[in-house]
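Trainee: Sending over a structure as structure tokens; questions will come in a sec.
Quick note: the coordinates plus some simple rules give every number you see, no bench work behind them. The structure presented is a predicted model; accordingly, all values stated were derived computationally and were not measured. Ideal geometry is used to build each Cβ from the backbone, glycine not excepted, and the neighbour counts take in all protein chains shown.
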């Protein structure tokens with residue numbers, strides 16, 4: 001295990017690149033920028049009171065990002081949060097009076113706040129992730145078996161897709177075995193047709209490692225993530241919460257009562273790169289009209305999590321790693337039969353629940369043509385752009401979606 005002095009030295013090696021990133025926050029108010037610059041370029045950070053002053057800057061920036069629409073927050077404000085978070089981390093590691101284990105857990109919380117609310121610096125885009133890796137190397141401990149029994153929320157008897165599809169008067173989605181690139185492109189990308197790809201990710205370590213909830217706790221238990229609380233995001237009582245991964249597993253994966261918690265549409269692999277080693281980006285994502293990187297999202301939760309019927313603008317390869325999910329898909333041409341919400345924020349979400357459609361209220365749904373599948377571990381479902389899809393987990397579930405244009 002690294003000594004405290006060695007940790008500080010490893011963290012401080014990024015000071016020069018952070019200093020060179022100051023022009024990226026030129027639009028920040030003069031007082032805040034001056035303080036940040038002082039702590040980067042001088043030895044004042046040796047003063048324990050620096051932690052209080054840096055926190056004041058972070059609080060000020062946090063107030064700014066909570067005014068108005070998140071998408072409209074200026075990048076220089078979020079970059080200032082990243083820089084201030086790095087400086088707060090240095091001060092915390094140097095001057096914390098806590099025992100080493102508590103100090104490291106708090107350090108992870110500091111880092112994750114910066115990752116969640118800041119944004120990458122141009123000259124050091126992985127700054128906070130690299131700092132987390134340094135702390136992870138310090139926090140190495142023997143794997144512990146925190147949970148021995150399978151959680152009750154995980155209980156489920158696998159059903160046959162064809163049998164279930166017939167209950168909903170739906171067409172089973174086609175399954176093909178690891179198609180060639182050309183076959184996939186010609187028959188599904190060009191035709192904008194959904195399909196399940198089987199035996200394409202058998203080499204993923206995640207298929208075995210992620211079955212055990214203890215794996216996540218031992219690898220990233222102290223890391224803070226944002227989860228959704230509530231059955232689905234269209235419910236009035238739906239909310240979000242910051243929580244550590246260990247707390248999330250204890251409170252929402254292993255508890256049989258209480259509200260549903262869901263780590264949904266979350267950039268977990270950017271925040272915790274170690275998990276990225278357990279998966280690989282499918283080659284099928286190369287069929288792109290853009291040079292933008294593929295968006296890789298995590299979906300982790302107990303039985304019963306629901307994503308209401310909605311559509312997305314990008315292509316999607318939804319890969320099931322742990323557990324099973326049932327999905328209903330509808331072609332874009334069925335939009336008129338699905339009753340999209342009229343509100344601008346939800347106009348990509350339908351009001352109909354395909355499991356139990358209220359045909360008196362949504363009588364046009366009778367004309368819709370549903371497609372259905374139960375997605376099993378190791379399978380990938382290709383969802384073309386603008387195709388409506390409803391998703392429900394039938395057990396504890398971990399899925400990875402790859403979105404691209």
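Trainee: In vacuo Debye scattering of region 4-138, one point per C-alpha: log10 I(q)/I(0) at q = 0.16 Å⁻¹?
Mentor: With no solvent term, the Cα-only Debye profile gives -0.76.
Trainee: What full-extension length gain, to one decimal in nm, is calculated for residue 235 and residue 176 as 0.36 nm per residue of separation minus the Cα-Cα distance?
Mentor: Extra length available between residue 235 and residue 176 comes to 17.6 nm.
Trainee: Here is a further query. Which order, highest average first, do 77-83, 267-273, 95-101, 66-72 follow once you tally other Cβ atoms within 10 Å for each residue and take the mean per peptide?
Mentor: 77-83, 267-273, 95-101, 66-72
Trainee: Based on the Cβ-Cβ distance from residue 361 to residue 27, what FRET efficiency comes out when R0 is 51 Å, to the nearest 0.05?
Mentor: Calculated transfer efficiency: 0.50.
Trainee: Could you work out the equivalent-ellipsoid semi-axes for region 308-405, taking the square root of 5 times each eigenvalue of the Cα gyration tensor, largest first, in whole Å?
Mentor: 24, 16, 11
Trainee: To continue, here is another question. Determine, for each peptide in 391-401, 171-181, the mean count of other beta carbons within 10 angstrom over its residues, then list the peptides with the highest first. Kindly include the intermediate steps, with their values, before the conclusion.
Mentor: On the way: 391-401: 23.4, 171-181: 14.1.
For the peptides 391-401, 171-181, the packing ranking is 391-401, 171-181.
Trainee: Give the dimensionless ratio obtained when the Cα radius of gyration of the chain is divided by 2.2 N^0.38 Å.
Mentor: In units of the globular-protein estimate, the chain measures up at 1.08.
Trainee: So what is the relative contact order for region 154-404, in percent, with contacts set as C-alpha pairs under 8 Å and at least six apart?
Mentor: 28
Trainee: What does the C-alpha gyration tensor say about the overall shape of region 60-125? Classify as rounded when a/c is under 1.5, otherwise prolate if a/b is larger than b/c, or oblate.
Mentor: Prolate.
Trainee: Using only the alpha carbons of region 230-377, what is the convex hull's orientation-averaged projected area in square nanometres?
Mentor: So the mean shadow area of the Cα hull is 11.0 nm².
Trainee: Based on the alpha carbon coordinates of region 232-307, what radius of gyration and maximum Cα-Cα distance (Dmax) apply, in Å?
Mentor: Computed over the Cα atoms of region 232-307, radius of gyration and Dmax are 15.3, 45 Å.
Trainee: Semi-axes, largest first, in whole Å: what does sqrt of 5 times each Cα gyration tensor eigenvalue give for region 43-96? List each step's numbers first, then the result.
Mentor: Details: eigenvalues 126, 19, 11 Å².
Here the semi-axes work out to 25, 10, 7 Å.
Trainee: Now a separate question. Want the number for residue 100 to residue 348: 0.36 nm per residue separation, take away the alpha-carbon distance, what's left?
Mentor: Stretched fully, the residue 100-residue 348 segment lengthens by 84.5 nm.
Trainee: With 5 Å bins from zero, work out the P(r) of region 210-269 over every alpha carbon pair and list the percent per bin.
Mentor: Percent of pairs per bin, in order: 4, 18, 27, 28, 15, 6, 2.
Trainee: Out of 48, 384, 120, any idea which swings most in a Gaussian network model of the chain, alpha carbons joined below 10 Å?
Mentor: Comparing 48, 384, 120 in the GNM, the peak value goes to 48.
Trainee: Run the numbers on region 290-373 and let me know its relative contact order in percent, using alpha-carbon pairs under 8 Å that are six or more apart.
Mentor: Here the relative contact order equals 33 percent.
Trainee: I need to check one value: relative contact order of region 4-138, counting alpha carbon pairs closer than 8 Å and at least 6 residues apart, in percent.
Mentor: Relative contact order for region 4-138 comes out at 32 percent.
Trainee: Which stretch or stretches of region 276-300 have amide N atoms under 12 Å from the point lying 7 Å from residue 126's Cα along the Cα→Cβ direction?
Mentor: 276-277
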